[in-house]
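Chemist: Here it is: the structure, laid out below.
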Amino acid sequence: MSTEAVDITSIETRLSIVGMSCAGCVSAVEGALASVPGVQSATVNFADHSAMVKGTADPELLKQAVVSAGYDAAIMEGLENPEEQEALELQRYRSLMKKAAVAGAFGAFLMLAEHLTWLPDMSSPDSRWIWSELALITLGIMIYSGIHFYSGAAKALSLGQANMDTLIALGTGAAWLFSCIVIDYADVLPSLAKHAYFEAAVVILAFINLGTGLETMARGKTSSAIRKLIGLQPRTARVVRDGKEFDIPIEDVGLGETLRVRPGEKIAVDGVLFEGHSTVDESMLTGEPIPVEKALNSEVVAGTINQTGTFLFKATRIGRDTALAQIIKSVRQAQSSKPDIARLADKISAVFVPVVVVIAVLTFAIWYYFGPDPSLGYAFVTSMTVLVIACPCALGLATPISVMVAVGRAAQSGILIRQGDALQKAGKLTCIVLDKTGTITEGKPVVSTIKHTAKYDGDAVLQLAASIESGSEHPLAASILAAAKEKQLKLDKVQKFEAIAGHGVSAEIGGKSVYFGNRALMEIKRIGFKRYEEQLAELSALGQTPMLLAVDNTIAGIIAVSDPIKKDSAIAVQQLQKLGIKVIMVTGDNEITAKAIAKQAGITDVKAQVLPQDKAGIVQTLQKQGETVGMVGDGINDAPALAQADVGMAIGTGTDVAIESADIVILQGSLLKVPAAVNLSKATVKNIKQNLFGAFFYNTIGIPVAAGILFPLFGILLNPMIAGAAMAMSSLTVVTNASRLRWIKLD
């Protein structure tokens, strides 16, 4: 009982975090948020610098906790303005590039001046003032170009933590301080130790700012999918009040409000059409390029684009309750959630920086006590290079940036991934269980066969059946009436109508007794139908439901209704089988119909006459047999099975995105999205492994080289400036590699 009470009152708060620079910051922010009373879970997404918090905590307390941890935070409400976000990111990018340019230009001048011997010998008393001036200018440029790093390091130190800023501050600060010492004691130091590293300090800052700027721009592009979704929300809506039409801000639209949509306009909120007719482009929500026809009682969804006609509709969901808002919320949840592979990287990153500082200290000590002259110079250069090259930016970005891109790409294609774990698990599926009705089939019965005797033609049989069914509430009646309407058949007047439960209907039409139903009805009314048994069996074997029509105790014809399989179901099953995945169909239908549908879809393993509550048991049995199971269903009757499966996939429309039991929601009915999700999962996990390998390999190889392991054998030492450039490029490489997922083919 207590768990349910918490879930009912639980809210989700999204915060924008400012000041994070590495995976160590992620751990610090998550810890600060988790310490706030009422927080159930807190997940920080380093890729887009945001946090998703679940629980009952006051948002202001969450913000204060982040600030106390040494970072800044802002509460993100509703659907933010994408143009405003882009402007802020562009402003940050330009600021970083300006800082990189200033530091780079001065560093280049110092390197050129040293190369052309423009600068005087440091030992000369007359030259000391020139070097002192250079020290002050360098300090000013370091403050301008690196103040965000130094303040971040100071905040981390005050909390007893270390992060990427710590490494940068130690490396560049030590370079400046060592250079000042060299200036003051140049006359007593050996000639080989008389070297200032002012150019190294500023060039390192230049490269790191450049890398961060390029990373910011690339990271912004990875959010393009969610920005497009946010951009779908119009800012105004045209309402009809007291017979007058006028535009109002979207936030002022109320439930039950009447709204008008004209050709080419975006639909403002979710609702039901009650006047007019049109076609609507729903491609950005469902991935389906073909416009959908909208008529009386059709549902319309916020963010979709009206095409041809004009219509009126009643608002049924507004604000955060619209399908668009729910989709954006689900995409963000998935982008912020962490698959197991990400948690491993976080744990490593959390201890990485302190370990690097220890390695740098040991490097300094080894070179100082055992290195060649000038040992102090070598000790300083190697330890500074270790600090610079070890920055774990790439490691912190490796997983979240790939997850972010993949989830956004899936959303563009109509696949809504609600959990990061599902993105990792989907590629490991060995077995997929498919519900039949509405998943493999259309879920809408249609008239598939009409057979008639010599006395009647097909239209006459359909007309009589539709006439008698016009008063019926049986689910199959609608399909017969739809077929008659399509052929524009005029229905006859019906008298003495009677519904015979489980058997069919009877009535008088034009003075004749008419019966329409199954074998049992004909047997009750003693109407001979044995000569049609073979035809009935053939239709049943094809997965159709045959019904007999009798007029004045004589069979007049047979009408068969079927739920046809979707046009791409067989292709989807074939694709899954090619991926080595076992496909099983479960249904409550009888075995004959089930096997007929399965045969059309290319499925050999069928479980028929299964009750909805037993589907979860089938999934559980398969799991006990060692299978990693995916369940695909409609998200309502199949909810227990979807929850039991390793990956639950719900087939639905844009209005079904709140199905809590599914890990993945397919926003349109195509089963082809299932193998697409599996392929995306495989590609994403592969991409993450590439990123992690690159980041680990870079640091594993880079740190020993920076420490001077190659010097005894080859006389090679890594320049701190080159280390700074390499560190910046490693992050950019990870972001660029992850961005390749944007182009993966899913349709």
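Chemist: Restricting the search to segment 529-571, which residues are under 30 Å from Ser670 (Cβ atoms) and either hydrophobic (A, V, I, L, M, F, W, C) or over 53 Å from the mean Cα position of the chain (by Cα) (or both)?
Modeler: Scanning segment 529-571 gives Leu539, Ala541, Leu542, Ile559, Ala560, Val561, Ile565, Ala570, Ile571.
Chemist: Looking at Val355, Val361, Val388, Val403 in this structure, which one is under 26 Å from Met729 (Cα atoms), at pLDDT 75 or above, buried (at least 23 other Cβ atoms within 10 Å of the Cβ) and not aromatic (Phe, Trp, Tyr)? Outline the logic, then answer.
Modeler: Values: Val355 fails: buried (at least 23 other Cβ atoms within 10 Å of the Cβ); Val361 fails: buried (at least 23 other Cβ atoms within 10 Å of the Cβ); Val388 fails: at pLDDT 75 or above.
So the residue among Val355, Val361, Val388, Val403 that is under 26 Å from Met729 (Cα atoms), at pLDDT 75 or above, buried (at least 23 other Cβ atoms within 10 Å of the Cβ) and not aromatic (Phe, Trp, Tyr) is Val403.
Chemist: Still on this structure: So is Ser68 of a type outside the set (Asp, Glu), free of Cβ contacts under 8 Å to residues at least 24 places away in the same chain and surrounded by fewer than 17 Cβ atoms within 10 Å (Cβ to Cβ) or not? Can you show your working first?
Modeler: Working: of a type outside the set (Asp, Glu): yes; free of Cβ contacts under 8 Å to residues at least 24 places away in the same chain: no; surrounded by fewer than 17 Cβ atoms within 10 Å (Cβ to Cβ): yes.
Answer is no for this residue.
Chemist: Find the residue count for segment 615-650, including only residues that are surrounded by 24 or more Cβ atoms within 10 Å (Cβ to Cβ), without any contact (Cβ under 8 Å) to a residue 24 or more places away in the chain and part of a helix (DSSP H, G or I).
Modeler: Adding up the residues that qualify gives 1.
Chemist: Using beta carbons and a limit of 9 Å, which pairs, at least six apart or on different chains, have the first residue in segment 509-524 and at pLDDT 90 or above and the second one of a type in the set (Asp, Glu)?
Modeler: Here the result reads Ile509/Asp492; Lys512/Asp552; Ser513/Asp552; Val514/Glu508; Val514/Asp552; Phe516/Glu469, each pair linking segment 509-524 to a residue that is of a type in the set (Asp, Glu).
Chemist: Taking segment 184-202 on its own, how many of its residues are at pLDDT 65 or above and either at positive phi or open to solvent by 10 Å² or more (accessible area, probe 1.4 Å) (or both)? Reasoning before the result, please.
Modeler: Here is the first cut: in segment 184-202, the residues at pLDDT 65 or above are 184-185, 195-202.
Checking the rest, the ones that are also either at positive phi or open to solvent by 10 Å² or more (accessible area, probe 1.4 Å) (or both) come to 184-185, 195, 197, 199.
Within segment 184-202, residues that are at pLDDT 65 or above and either at positive phi or open to solvent by 10 Å² or more (accessible area, probe 1.4 Å) (or both) number 5.
Chemist: Right, next: Assigned to a helix (DSSP H, G or I), within 19 Å of Met649 (Cβ to Cβ) and out of contact with any helix residue (DSSP H, G or I) (no Cβ under 6 Å at 6 or more places or on another chain): is that true of Gln577 in this structure? Can you show your working first?
Modeler: Details: assigned to a helix (DSSP H, G or I): yes; within 19 Å of Met649 (Cβ to Cβ): yes; out of contact with any helix residue (DSSP H, G or I) (no Cβ under 6 Å at 6 or more places or on another chain): yes.
Yes: the conditions hold for Gln577.
Chemist: Would you check which residues across segment 60-69 are touching a Leu at 6+ places or on another chain (Cβ under 8 Å) and modelled with pLDDT under 85 and list them? Steps first, answer last, please.
Modeler: Going residue by residue through segment 60-69, those that are touching a Leu at 6+ places or on another chain (Cβ under 8 Å) are 62-63, 65-66, 69.
Result: Ala69, single match.
Chemist: Using the structure shown, decide if Glu469 is out of contact with any strand residue (DSSP E or B) (no Cβ under 9 Å at 6 or more places or on another chain) and of a type outside the set (Lys, Arg). If you could, list the steps in order and put the result at the bottom.
Modeler: Details: out of contact with any strand residue (DSSP E or B) (no Cβ under 9 Å at 6 or more places or on another chain): no; of a type outside the set (Lys, Arg): yes.
Here the answer is no, as Glu469 does not meet what is asked.
Chemist: Against the definition (open to solvent by less than 40 Å² (accessible area, probe 1.4 Å), farther than 23 Å from Ala153 by Cβ and modelled with pLDDT of 90 or more), how does Val53 come out, yes or no? Let's see the steps before the verdict.
Modeler: Values: open to solvent by less than 40 Å² (accessible area, probe 1.4 Å): yes; farther than 23 Å from Ala153 by Cβ: yes; modelled with pLDDT of 90 or more: no.
Taking the combined requirement at face value, the residue does not satisfy it.
Chemist: For segment 109-135, what are the residues that are at pLDDT 85 or above and in contact with an Asp or Glu (Cβ under 8 Å, 6 or more places away or on another chain)?
Modeler: Matches in segment 109-135: Leu110 only.
Chemist: Here's another thing I want to ask about it. Evaluate the following for Gln600: is it of a type outside the set (Gly, Ala, Ser) and either open to solvent by 50 Å² or more (accessible area, probe 1.4 Å) or within 21 Å of Gln544 (Cβ to Cβ) (or both)? Break it down into steps so the answer makes sense when it comes.
Modeler: On the way: of a type outside the set (Gly, Ala, Ser): yes; either open to solvent by 50 Å² or more (accessible area, probe 1.4 Å) or within 21 Å of Gln544 (Cβ to Cβ) (or both): yes.
Spelling it out, Gln600 is indeed of a type outside the set (Gly, Ala, Ser) and either open to solvent by 50 Å² or more (accessible area, probe 1.4 Å) or within 21 Å of Gln544 (Cβ to Cβ) (or both).
Chemist: Restricting attention to strands (runs of 3 or more DSSP E) lying wholly within segment 491-569, give those where 1 or more residues are open to solvent by less than 20 Å² (accessible area, probe 1.4 Å). Don't jump to the end; show me each part of the working.
Modeler: Working: elements: 495-500, 504-509, 512-517, 545-551, 554-562.
Here the list reads 504-509, 512-517, 545-551, 554-562.
Chemist: What number of residues within segment 263-279 satisfy the criterion of being open to solvent by 70 Å² or more (accessible area, probe 1.4 Å) and over 32 Å from the mean Cα position of the chain (by Cα)?
Modeler: Just the residues of segment 263-279 that are open to solvent by 70 Å² or more (accessible area, probe 1.4 Å), to begin with: 263, 266, 274-275, 277.
Those still in the list that are over 32 Å from the mean Cα position of the chain (by Cα) too: 274-275, 277.
Selection size over segment 263-279: 3.
Chemist: Take Lys485 and decide whether it is part of a helix (DSSP H, G or I), out of contact with any Ser or Thr (no Cβ under 8 Å at 6 or more places or on another chain) and open to solvent by 20 Å² or more (accessible area, probe 1.4 Å). It would help to see each step written out before you state the result.
Modeler: Details: part of a helix (DSSP H, G or I): yes; out of contact with any Ser or Thr (no Cβ under 8 Å at 6 or more places or on another chain): yes; open to solvent by 20 Å² or more (accessible area, probe 1.4 Å): yes.
Yes; evaluated as a whole, the condition is true for this residue.
Chemist: Do the conditions hold for Gly694, that is, is it open to solvent by 20 Å² or more (accessible area, probe 1.4 Å), of a type outside the set (Asp, Glu) and modelled with pLDDT under 85?
Modeler: Numbers: open to solvent by 20 Å² or more (accessible area, probe 1.4 Å): yes; of a type outside the set (Asp, Glu): yes; modelled with pLDDT under 85: yes.
Yes, satisfied.
Chemist: Residues being within 29 Å of Ala28 (Cα to Cα) and either in a helix (DSSP H, G or I) or open to solvent by 10 Å² or more (accessible area, probe 1.4 Å) (or both): count how many of those fall in segment 125-175. Lay out the reasoning, then the answer.
Modeler: Going through segment 125-175, the residues within 29 Å of Ala28 (Cα to Cα) turn out to be 142-175.
Subset that is either in a helix (DSSP H, G or I) or open to solvent by 10 Å² or more (accessible area, probe 1.4 Å) (or both): 142-162, 164-175.
Selection size over segment 125-175: 33.
Chemist: Can I ask one more? Suppose we filter Lys578, Lys607 for residues that are at negative phi and more than 31 Å from the chain's Cα centre (by Cα); which single one remains? Show your work before the answer.
Modeler: On the way: Lys578 fails: more than 31 Å from the chain's Cα centre (by Cα).
On inspection, the qualifying residue turns out to be Lys607.
Chemist: Any residue at all in segment 670-686 that's over 30 Å from Ile651 (Cα atoms), among the aliphatic types (A, V, I, L, M), in a helix (DSSP H, G or I) and in contact with a helix residue (DSSP H, G or I) (Cβ under 9 Å, 6 or more places away or on another chain)? Explain how you work it out, then say what you get.
Modeler: Looking only at segment 670-686, we keep the residues that are over 30 Å from Ile651 (Cα atoms), and these are none.
Looking for residues that are over 30 Å from Ile651 (Cα atoms), among the aliphatic types (A, V, I, L, M), in a helix (DSSP H, G or I) and in contact with a helix residue (DSSP H, G or I) (Cβ under 9 Å, 6 or more places away or on another chain), one finds none in segment 670-686, hence no.
The values are calculated or read from the model by the stated rules, or taken from the named source; none is laboratory data. Just so we're clear, the structure is a prediction, and the values are computed from it rather than from any experiment. Note: ideal-geometry Cβ built from the backbone for every residue, glycine included; neighbour counts use all protein chains shown. Heavy atoms of the whole protein, side chains included, go into the accessibility calculation; ligands, DNA and RNA do not. Shrake-Rupley method; radii C 1.70, N 1.55, O 1.52, S 1.80 Å.
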